[in-house]
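Have a look at the structure below before the remarks.
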Amino acid sequence: MLRKVREADDLAAIHAILSDPQAMAFWSTVPHENEDQTRAWLCAMAATQPDEGDDFIIEYQGRAVGKAGFFRFPDIGYIIDPALWGQGLVSEALTPIIDRAFAVHRLAQITADVDPRNTASVRLLEKLGFAETHRAERTWLIGGAWCDSIYFALTDQDWAARTA
């Protein structure tokens, strides 16, 4: 289930994910050290204006297990509890989010930036119809280490053709 963030309700569950080095291995920041960092992250998520982004909490079996959506258009992002990796939950969550991005927000294109070491995320995006546009080296400095990027895009026309 997808729903909007509830800062107080989601703090503990989302902090458990954002402070987990495995979950954060390919994220754009180091793991959160304390709940104050996660609280600020959730507050920023909740404060995102509809013309800026559209972000959701992924809820599974009654608990918050991740997030998916657009903190800022047109860049899509997602993270989920590593205990649930490989179960198709992110793909299931992203499908209506992508539909909504094109139908409601009228985006012409959705983009994604993925660490090339994150092969599961690369496969997920390709499965959803995203196409690689280019690669770049040393795009993110995270915890003192440089990371590279693979950039992907999905157009509204390509999505419409896939879902027709």
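The values are calculated or read from the model by the stated rules, or taken from the named source; none is laboratory data. Owing to the predicted nature of the structure, the values given are computational and were not obtained by experimental measurement. All Cβ positions, glycine included, derive from the backbone under ideal geometry; neighbour counts span all protein chains shown.
Observations on the model:
- Residue list for region 74-99, filter: over 16 Å from Phe130 (Cα atoms) and of a type outside the set (S, T, N, Q): Ile79, Ile80, Asp81, Pro82, Ala83, Leu84, Trp85, Gly86, Gly88, Leu89
- Within region 118-164, the residues that satisfy the criterion of being closer than 21 Å to His32 by Cα and assigned to a loop (DSSP other than H, G, I, E, B) are Asn118, Gly143, Gly144.
Here's the yes/no breakdown for (1) loosely packed, with under 13 Cβ neighbours inside 10 Å; (2) among the small types (Gly, Ala, Ser); (3) within 25 Å of Trp85 (Cβ to Cβ):
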| position | (1), (2), (3) |
| --- | --- |
| Phe26 | no, no, yes |
| Val30 | no, no, yes |
| Asp36 | yes, no, no |
| Cys43 | yes, no, no |
| Thr48 | no, no, no |
| Phe56 | no, no, yes |
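- Residues in region 67-88 that are at negative phi and among the small types (Gly, Ala, Ser) were compared, and the one that is surrounded by the fewest Cβ atoms within 10 Å (Cβ to Cβ) is Ala83.
- Residue list for region 8-28, restricted to those being modelled with pLDDT of 95 or more and touching a strand residue (DSSP E or B) at 6+ places or on another chain (Cβ under 7 Å): Asp10, Ala13, Ile14, Ile17, Ala23
- Considered as a group, the residues in region 3-31 that are part of a loop (DSSP other than H, G, I, E, B) and aliphatic (A, V, I, L, M) include one that is nearest to Tyr60 (Cα to Cα), and that residue is Val5.
- Matching residues, region 91-145, being farther than 13 Å from Ala160 by Cα and among the charged types (D, E, K, R): Glu92, Asp113, Asp115, Arg117, Arg123, Glu126, Lys127, Glu132, Arg135, Glu137, Arg138
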